[in-house]
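Contents: one structure, followed by commentary.
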Amino acid sequence: MPGKALSLRLETSASDIVEIAALRGRARELERVALGRGVQLPALGRALAATDHLALCVRPERWLILTPPAAAGASAAVWQAVCAGLGAALDLSSGLNALELTGSVAREVLVRSCRIDLDPDAFPVGAACATIMVQVPVILVALASGVLLLTPASTARHFHEWLMSSAKTFGFMPPSHLNGAAVSDDQLS
Amino acid sequence: MLRIRCPWCGERDETEFRYRGDASQSRPAADAGLAAFSAYVYERKNPRGWHLEWWLHVGGCRRLLKLVRHTLTHEIRVVGTAQDQPSLPQEPGR
Amino acid sequence: MQGPGRIAHGLLTDAERPLGFRFDGQPMQGLAGDTLASALLANGTRLVARSFKYHRPRGIVTAGPEEPCALVDVIGASGREPNHLATTLMLYEGLVAESQNRWPSLGFDLMALNDRFARFLPAGFYYKTFMAPGWAWERLYEPLIRNAAGLGRLKAIVGEHAAPAETVHDHADVLVVGAGVAGLTAAHRLGASGLRVVLADQDAVLGGGSLLDARWTAWRETTCAALVGLGTVRCLSRTTVLGAYGHGVFAALQSLAGADAASSGALRERLRIIRARRVLFATGALERLIAFPGNDLPGVMLAGAALGYLRRYGVAVGRRPAFFLNTDQAYETVFALASAGIERAGVIDVRTSSLAAERARGLGIEVHAGAVVEAVAGRGGVATVRVANRDGSQRREFEADSLLMSGGYCPTTALASQLGAVLKWQEAIAAFTPELLPTVGRVAGAARGVFGLAAAARNGEAAARVIAAELGHPALAAGLGLELPVDANATPIGALWEVRAGGKAFVDLQNDVTAADVRLAQREGYEHVEHMKRYTTHGMASDQGRIGGLVGSAVLAQARGLALSEVGQPKPRPYAQPVPFAALAGGEVRQHLKPKRRGPLHDWHEAAGATFVATGLWMRPLVYSQQSGWEAVLREARAVRRSVGITDVSTLGKIDVQGPDAAKFLDFIYANTFSTLAVGRSRYGIMLREDGMLLDDGTTSRLAQQHFVVTTTTANAAVVLEHMEFHLQAVCPQFDVLLTDVGDQWAQFAVAGPRSREVVAAVVADLDLSSQAFPFMAASAATIAGVAGRLFRISFSGELAYELAVPARHALQAWLALLEAGRPFGIEPYGLDALNTLRIEKGHVTAAELNGNTSAEDLGFQRMPKQHGDFIGRALSQRGGLTAPDRLQLVGVRPVDRARRLRNGAQLVAPKARTTSLGYVTSSTPSVELAGWVGLALLAGGRQRTGERLIASSPIHDEATEIEIVSPHMLDPENLRVRA
Ligand SMILES: [Zn+2]
């Protein structure tokens, strides 16, 4: 489809990820104390971005809170104190890898494996879901800038390789050939 | 392929779920004896018609769902939580 | 004009762009926009194939994907691809195609002898003839049959991937299948109402029947342009819906075959998985053949196909065609060819009178009313047509170079049938029409028997209105207000299925099934239409018998003395059309075939020269060497036994268990007790299935009163998590417990060997590691090389050992620090093979012993299950069958001659009864601490056999080794080393 402005950017981003999960009947309390710490916990299937964090919810009464990298486990330790008696807070910074796919064809690339309806009407900015892509678990978050993908660390390379190859098969953007398309592939650990 | 409307995640492909068997069986009390446990583990009605079954949404919310599914037509009438107690429909499935 | 057949301007062809191609070595020319079939017809080529069974000469019969005969091999850069349909294969510059089923050449085919001996090849011939003995099938019959028959050749496809493809997932409110006037109308109205529509059509252009009627050009062009403008309708041409799977799921194959497809590596196919809330089948109707003697001769073609070739490609299929038909609709071809100036040999109309016949006569066309074709004759193609009145009187013969037949029209019902549609017999059109459940969708236009384009358009609109209302759009958006050309009045069909006049009359041209074969099946008891299908293979070829399916049913009905509506049609299943495997595989092939899981130190292991082994999805270092053999393995294992080694066990499953009821929950999940475990301690545990068999084992550590971390075996990590989640939610929902998979979060290393304490102490600053302060099975938070982690004193190797866990991001930092600390002691990283050597010597079990058939008792864990309290598997593990003394029990085995080796899988037999297996070797290794090989085995009543001598027999290695039975705990049975 020549003539169509196409771009795709795939970046790995480092962030601290803490999962907090409410004990039975404690979700409302947990939401209150989180709000007290300046974090509004979103409803199921939603994500809320603030200047210093992103909170999302893809499992009932469980939230992922992404913050810029700090000392290992520091964020989890803070949340463990917040959650005491109400739930659990676990550091998943190493367990999940974050990728961000931006550009006009981002969703077109994703539907090569994503079985979720990614139409902007069905999956608008602020939506979040957990699903399976290329046989591995993936959490998708629709951001204004693109789609954030969280995938288990052990399969992150597999997922990344598939994204790259799928984008190429797409015909739009072999990274070395297409002007204006940027693909950073080097930061993957 | 089944499409299952997860109460938490919305409608999803069957591939995201793991079938966990007949949900009409409930685990006997600890002292119920060998025969009761044998029935719990091995005896199944295998009906041609409505069937109560467990599906674990491993590819989504990881919640356990209780479905009312028709084994012949694949119609899914109810998708509930593990604690729901849906009754099986009387009418034939579509 | 690129061939003598090109007589006019075609709707799809570009007269300015000639294309060169070769067919069976002959250079030819066609036009851009041609299919191979239209280009061949333009060049006057009639003979394009030999038939499957009789090797009879065959020509092009249709103009679409329903083509039974014109299958060709395409020879491209990546080799030979068989079974391309000439009728759908887009012509491109340099196309090289060859005909199939001919040997040595199409014109002179030795196998055509089959035709002469046809009475020896009746229906069911293969079943009857090649009956016994069993071996003969493989060695004799099959190669013979394959050589004589078959559809194309599969050999010589070279290259890594002959046909790259991909999968795409689609979602829509409504899937409209078929873009004829009914589908176009419905798609436009639904899309204009704000619904998301996917409109799929197998043709390269949208329009369906309207493409063949010039009066509809303006309507079609306006509607298609409006559709594109809506933004809500995705129009997919060259997209065939292959299967309808219920729950609104459909599979469609989008062909991307462009001009350079065969020579370039570009994407060829796209499999679309479409999910829709409703479906509208506007799939039209297919013209059907009439079974008359010689109806397979090249030059016999469906009338509608001839109209298609004329309108779409400007090609006349013959210079002097005759027509054999029974509906007014089929006269459209007669009139179109007449106005194109083609000479007519005459029309044979089954009916005694009709409106269309009168109109034809008015144009000076001869109509033989109330007549049938009894035979066609000619060498290699139609030359003469023999006609008689229906009662057999007034035979006459005239010359014609082609016979355009039409036996009526069958609504396309296959996809609707897959969704459980009820088929209703419609006498007015002599065909079945499908009725769908409203919650599934609707059928509109010719697909539900509404013939005539204007009628189909109105029908499509009505269906759109109903669907829109059901989906919450009660007010259907206004249409485009276009005037619809008026449908001509038509005289009803005069149903005719077969003309019985001697000679082969085919009902299935691809599988060479004749009307006589159908009757033979009936006589031999294969009366049900499904039985007849399988006995004769009618409808089982790649075209699925689409143009003759109902004709076969009609012949069967007549033979059985039943109405056709009672006999019915075989049930169609996906796929509606052949699909390349590459399209089904999509993008998840080669390196994407299945996920590879890589641990956080994968790159380090690779750089260190590790040979990797796939265990489940994980890539694990097997040994740090590229050499085969045991030397490197034993060096690694020896380091552990003599000094210290380090291994990456990050692949172990790790589940975080928290909550007020965490201990009670683990007591229920595990056979042993965890509620009594002290904070800061680990315990080895076994988990049973509810049927009493072992599911998994591993250590669980209590980090806080309400906080445990469970480790599982690498292979069972996902299984155990699901097992725990299921039971927590289904069986003990009263427990307030949170389960979280932390497998990828934590990297974990085992440091093992007599010097391991010194190594670990060097990187863990904040703990006293003395046995008093940190004894065997202690667990604690620890700062490891500056990183907040966890330290466990557990051992799989049987040595003094520690496991250290750090967040995976910091794995390399901790690993390198440990290597550095171990350098003075000659620390060796060790892989899975050395790990195995160490644990076999110690008698520890892995997946080889935890094989799903072993009980706790079998593996020597009989004292581990708790005596009080419920747990999964408790009741059934006490069954007599699981505790019987003669069950296979874990033992150690050693060759009596220490120079001999053991083999995994070797059967254990008594020296005097070598055909009775008593058990088998599960694991074996050369030993570091003991002389020669050691192994573990499962042996009937094994614990009572210690000291016995048996034979380990491995016939595939031609080995029989005398072994002695020993305790599985071959090394340090008192556990002194681990407690050092
Ligand atoms: Zn769910």
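The values are calculated or read from the model by the stated rules, or taken from the named source; none is laboratory data. As the structure is a computational prediction, the values presented were derived from the model and not from experiment. Heads up, the Cβs are rebuilt from the backbone with ideal geometry, glycines too, and the neighbour counts pull from every protein chain shown. We work out accessible area using only protein heavy atoms, side chains counted, and drop any ligands, DNA or RNA first. Shrake-Rupley method; radii C 1.70, N 1.55, O 1.52, S 1.80 Å.
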**Request:** Mind pulling the angle between the C-alpha long axis of helix A:74-83 and the longest principal axis of chain A? Nearest 10 degrees, somewhere in 0 to 90.
**Result:** 50
**Request:** Order these peptides, A:38-46, C:344-352, by their mean beta-carbon neighbour count within 10 angstrom, highest first.
**Result:** C:344-352, A:38-46
**Request:** Work the Kirkwood hydrodynamic radius out for segment C:617-726: mean of 1/r over every pair of different alpha-carbon atoms, inverted, in Å.
**Result:** 15.9
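Given Cα positions, please report Rg to Rh for segment A:16-91, the hydrodynamic radius being the Kirkwood one.
My calculation puts Rg/Rh at 0.92.
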**Item:** Whole-number Å³ per residue for the convex hull built on Cα positions in chain C
**Value:** 222
**Request:** Please work out the FRET efficiency for the pair C:Gln394 and C:Ala428, using the Cβ-Cβ distance as r and a Förster radius of 22 Å; give the result to the nearest 0.05.
**Result:** 0.15
**Asked** Can you give the average number of partner chain beta-carbon atoms within 10 Å of each beta-carbon in peptide C:745-758, as a whole number?
**Response** 1
**Prompt:** So how long is each side of segment C:322-470 along the principal axes, counting just the alpha-carbon atoms, biggest first, in Å?
**Reply:** 58, 30, 28
**Request:** Quickly work out the B:Ala35-to-C:Ala913 label distance, labels modelled 7 Å from Cα along the C-beta direction, and quote it in nm with one decimal.
**Result:** 3.6
**Item:** Between segment A:61-134 and segment C:929-980, the alpha-carbon center distance in angstrom
**Value:** 50
**Complete:** Square roots of five times the C-alpha gyration tensor eigenvalues of segment C:290-343, ordered largest first and given in whole Å, equal 18, 13, 10
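Net charge within 14 Å of C:Arg641 by Cβ-Cβ distance, Lys/Arg positive one each and Asp/Glu negative one each, not counting C:Arg641 itself?
+1
When 1/r is averaged over all different Cα pairs and the result inverted, which Kirkwood radius in Å belongs to segment C:319-405?
When all Cα pairs of segment C:319-405 are included, the Kirkwood radius is 12.8 Å.
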**Message:** Would you calculate the convex hull of the Cα atoms in segment C:208-335 and tell me its volume per residue in Å³?
**Reply:** 197
**Request:** List the cysteines in chain B whose Cβ has no other cysteine Cβ under 4.7 Å from it.
**Result:** B:Cys61
**Message:** Please compute, for peptide A:80-92, the average count of beta-carbon atoms on other protein chains lying within 10 Å of each residue's beta-carbon.
**Reply:** 3
**Taking chain C and dividing mean pair separation by its residue count, relative contact order in percent (alpha carbons under 8 Å, at least six apart)** = 9
**Request:** Take each of the peptides C:774-782, C:932-940, average the number of other beta-carbon atoms within 10 Å over its residues, and list them starting from the highest.
**Result:** C:932-940, C:774-782
**Request:** Return a whole-number percent for the relative contact order of segment C:854-942, with Cα pairs under 8 Å and 6 or more residues apart as the contact set.
**Result:** 30
**Asked** Which percent of Cα-Cα pairs in segment C:15-72 sits in each 10 Å bin, short to long?
**Response** 22, 51, 23, 3, 0
**Asked** Dimensions of the protein assembly as shown along principal axes (Cα, Å, largest first)?
**Response** 115, 80, 62
**Item:** Cα→Cβ-extended label distance, 7 Å offset, between C:Leu593 and C:Ala377, nm
**Value:** 5.9
**Item:** Shape parameters for chain B, alpha-carbon atoms, Rg then Dmax in Å
**Value:** 14.1, 42
**Request:** Rounded to the nearest 10 degrees, what's the angle between the helix C:717-730 long axis and the longest principal axis of chain C, both from Cα atoms, 0 to 90?
**Result:** 80
**Asked** Given 0.36 nm per residue, what is the gain on full extension from C:Glu606 to C:Asp870 after removing their alpha carbon distance, in nm?
**Response** 90.4 nm
**Message:** Explain nothing, just the number: relative contact order of chain A, from Cα pairs under 8 Å at least 6 residues apart, as a whole percent.
**Reply:** 27
**Request:** Would you tell me the mean number of C-beta atoms belonging to other protein chains that fall within 10 Å of each C-beta in B:15-26, as a whole number?
**Result:** 2
**Asked** Given a Förster distance of 51 angstrom, what is the FRET efficiency for A:Gln40 paired with C:Glu483, based on the Cβ-Cβ distance and rounded to 0.05?
**Response** 0.30
**Request:** Round to the nearest 10 and give me the degree value, 0 to 90, for the angle of helix C:217-230's Cα axis relative to the longest principal axis of chain C.
**Result:** 20
**Prompt:** Measuring from a point 7 Å past the Cα of C:Gln705 along Cα-to-C-beta, which residues in segment C:635-666 have an amide N at less than 13 Å?
**Reply:** C:659-663
**Request:** Would you kindly state how much longer the chain becomes between A:Ser104 and A:Arg24 on full extension, computed as 0.36 nm times their sequence separation minus their alpha carbon distance, in nm to one decimal?
**Result:** 24.6 nm
**Prompt:** Quick one: Cα centre-to-centre distance for segment C:512-557 and segment C:569-645, in angstrom?
**Reply:** 49
**Complete:** Whole-Å distance linking the alpha carbon centroid of segment C:200-262 with that of segment B:46-83 is 36
**Request:** Please go through the residue pairs A:Lys168/C:Lys596; C:Lys504/C:Lys533; C:Lys596/C:Lys664; C:Lys596/C:Lys842; A:Lys168/C:Lys594; C:Lys53/C:Lys533 and name each one whose alpha carbons sit more than 25 Å apart in this structure.
**Result:** C:Lys596/C:Lys664; C:Lys596/C:Lys842
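Would you mind giving the total buried accessible surface between chains C and A, with a 1.4 Å probe and ligands, DNA and RNA left out, rounded to the nearest 100 Å²? Mind showing how you got there, number by number?
On the way: alone 40520 and 9710 Å², together 46850 Å².
So the buried area, both faces added, is about 3400 Å².
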**Item:** Rotationally averaged projected area of chain A (alpha carbon convex hull; nm²)
**Value:** 11.1
